[in-house]
Amino acid sequence: MSNELNKILQKRDQDIVNVVEFLNITKKRLQEIRESGWESLLDDVSSFCVMHDILIPKMDESYFPGKSKRKSSVSSDLLLGMASLNPANSFANFDKGRIMTLAKCYPNDFDEVHFRDLSYQLDTFIVHMRAGNPKFSNLEGISDLAKALVEANLVETYSYVYLLVKLTLILPVAIATVERAFSSMKQIKNEQRNSMGDQYLNNCLVCYLERDVFTNVSNDVIMDHFQTLKTH
């Protein structure tokens, strides 16, 4: 059921709109199994567990959902909003509703007044972008759009749209930085170092994450620095 979704996720040049569409299709098919195919699936799993002496979970016990559904929803809103701002093919994926939903993810930057003004700007913005101006005709990505707005001296005219474009450009970097830090934490704070304090862990993570910088620092410089800290 998720085969087509897996294939499109592995493509080198991903179309986020198609990815989200296949994600929704997969979720729908899984929901159909939950509603009409669950009993037969449970029977197969139960038979397997009995055959191999595996403890069968009590399916009638209470379940308290966490916050994963909310996180998934926010992630989808961010991806769809980013795709809607993509200027490729004369803004083929432009969707004002999705862009406004993206802006809601930044309440510190878009209060009620700014949110309203963004809505008005987007109406004018999309007409302007599709008017055939050569400066905006052959843009391939959001970074190209940001450059074009600066070169056309339209940053102040479309101030809220430009702010959202900048936030969109920063978003992948911010997400990658956080994921990189958590991935590195697994390397630094393993079972052997599980008692490591927070401050020492932070210091080790800085050295690990920025190892490209630290390779340019010689061991002699580090030893000299520590020697000057205390006489012993």
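The values are calculated or read from the model by the stated rules, or taken from the named source; none is laboratory data. Just so you know, these numbers come straight off a predicted model, no measurement behind them. So basically every Cβ, Gly included, is an ideal-geometry build from the backbone, and we count neighbours across all protein chains shown. Remember, those area values only see protein heavy atoms, side chains included, never the ligands or the DNA or RNA. Shrake-Rupley method; radii C 1.70, N 1.55, O 1.52, S 1.80 Å.
Quick notes
- In the set (1) of a type outside the set (A, V, I, L, M); (2) modelled with pLDDT of 85 or more; (3) in a loop (DSSP other than H, G, I, E, B), residue 98 fails one condition alone, (3).
- Which listed residue, of 42, 30, 5, 23, is open to solvent by less than 70 Å² (accessible area, probe 1.4 Å), out of contact with any helix residue (DSSP H, G or I) (no Cβ under 7 Å at 6 or more places or on another chain), modelled with pLDDT of 80 or more and more than 30 Å from residue 149 (Cα to Cα): 42
- Test: residue 156 is open to solvent by 70 Å² or more (accessible area, probe 1.4 Å) and either more than 23 Å from the chain's Cα centre (by Cα) or without any contact (Cβ under 8 Å) to a residue 12 or more places away in the chain (or both): yes
- Residue pairs meeting the criteria (Cβ under 7 Å; at least 6 apart or on separate chains; first closer than 13 Å to residue 161 by Cα, in the stretch 100-111; second part of a loop (DSSP other than H, G, I, E, B) and open to solvent by less than 70 Å² (accessible area, probe 1.4 Å)): 103/110
- Residue-level check: of (1) assigned to a helix (DSSP H, G or I); (2) at pLDDT below 85; (3) loosely packed, with under 10 Cβ neighbours inside 10 Å, residue 230 misses just (1).
A quick yes/no check of all residues on (1) touching a Lys or Arg at 6+ places or on another chain (Cβ under 7 Å); (2) in a helix (DSSP H, G or I); (3) modelled with pLDDT of 70 or more:
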site	(1), (2), (3)
48	no, yes, yes
54	no, no, yes
57	no, no, yes
60	no, no, yes
63	no, no, no
69	no, yes, no
72	no, yes, no
78	no, yes, yes
83	no, yes, yes
